[in-house]
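The values are calculated or read from the model by the stated rules, or taken from the named source; none is laboratory data. Just so we're clear, the structure is a prediction, and the values are computed from it rather than from any experiment. Because the Cβ atoms are built from the backbone with ideal geometry, glycine has one as well, and the counts that use them run over all protein chains shown. With ligands, DNA and RNA removed, areas are computed over all heavy atoms of the protein, side chains included. Shrake-Rupley method; radii C 1.70, N 1.55, O 1.52, S 1.80 Å.
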Amino acid sequence: EIYIYFINGCIRGKLQRSTIKKLKSLGIQTDLNKREVMTLEETIIYFFGKLRSRLLQFFPAKYRRRIRNSILNSKYKNNK
């Protein structure tokens, strides 16, 4: 049997650090000059965005937008 192993490591045109480590462990060399690597800050923002998305799946669709907007509004109020 043939298995295809797929690693999605390119997010918004940048490689994730965890993907680079995984590819190295599989013996695959990556050319880091051809594509940027996500910074730690970008990685954290991406992680929390994914987490927020997964948590919102527990709420009914009609409440998700209200919850998402209240989170964003409180975030922007704190920055002013």
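Observations
- Taking chymotrypsin sites (Phe, Trp or Tyr not before Pro) as exposed when DSSP calls them loop and at most 11 other C-beta atoms lie within 10 angstrom, the chain has its longest site-free stretch at 7-57.
- The chain, relative contact order in percent, only Cα pairs under 8 angstrom and at least six apart counted: 20
- In the chain, the longest principal axis of the Cα atoms and the axis of helix 40-56 are about 60 degrees apart.
- Contour excess over end-to-end distance, with Cα ends at residue 24 and residue 11 and 0.36 nm allotted per residue: 2.8 nm
- Calculated mean residue ellipticity, 222 nm, the chain: -18500 deg cm²/dmol, from DSSP H runs (n ≥ 4) at -39500 (n - 2.57) each, averaged per residue and rounded to 500.
- Kirkwood hydrodynamic radius of the chain, from inverse mean 1/r over distinct Cα pairs, in Å: 15.6
- Carbon plus sulfur fraction of accessible area for the chain, probe 1.4 Å, in percent: 55
- In the chain, a dipole from Cβ-located charges (positive for Lys and Arg, negative for Asp and Glu) runs towards its positive end, and of 30, 11, 71 it is 71 whose Cα lies farthest in that direction.
- Trypsin sites (Lys or Arg not before Pro) restricted to DSSP loop in the stretch 1-74 with at most 10 other C-beta within 10 Å: 12, 34
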